[in-house]
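One structure is given here, and the rest of the page talks about it.
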Amino acid sequence: MGSGKNYVLFDTDAVDVVNIEHLRVSSATVLEPELAAGAVAHLTDSDFEALEHSIHICAPVAASAAQARAQRQEDLHFHDVLAAANPNALLRFMCELINQLLRLSVPQAISIHLSRPLCFSRPLC
């Protein structure tokens, strides 16, 4: 992932929050359904446990910026688990790359999401 990050995003301080939000929404509506559908048959018991843990962490509305950051990171971990289980190498790479870009944007974008709960597989909650 490191080389892809350097190629796509040269300056992490210049992340455009609006473009990152557009990337997140586009990923949620276009890629995530395919990612999840392809991963289901390949998920292990430990994958299901990790997904359940992520849902548990992300379920409550964040009470602080620190909790919102932790929830956003856990949301990305949820999608990392799905990506790792998907046998489609191109789709897996695209989703992992997007997750890495979103992971880099968390500190800049967290204030936007503080009042909204995280939602899995729904673009706008």
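Read-outs throughout are calculated quantities, based only on the coordinates presented, and are distinct from any laboratory measurement. All values reported here derive from a predicted model rather than from experimental measurement. When we count neighbours, we look across all protein chains shown, and the Cβ atoms used for this are built from the backbone with ideal geometry, even at glycine.
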Integer Hz, Karplus 6.51/-1.76/1.60 couplings in order for the stretch 83-91, x for Gly and Pro: 4, 5, 8, 7, x, 7, 4, 5, 4
Label-point separation in nm, PHE93 to ALA66, each point 7 Å along Cα→Cβ: 4.0
Karplus (6.51, -1.76, 1.60) ³J(HN,Hα), θ = phi - 60°, over the stretch 39-55, in Hz, Gly and Pro reported as x: 7, 3, 5, 10, 6, 8, 4, 5, 4, 4, 5, 5, 5, 4, 4, 4, 4
Amide proton proximity set for ALA62, modelled H, under 5 Å, gap of 5+: none
Residues GLU32, GLU52 arranged by fewest to most Cβ contacts within 10 Å: GLU52, GLU32
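Could you please report the charge total around ARG92, scoring K, R as +1 and D, E as -1 over all other residues with beta-carbon less than 12 angstrom from its beta-carbon?
-3
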Full-stretch length increase - GLU34, ARG103 - with 0.36 nm per residue and alpha-carbon distance subtracted: 22.7 nm
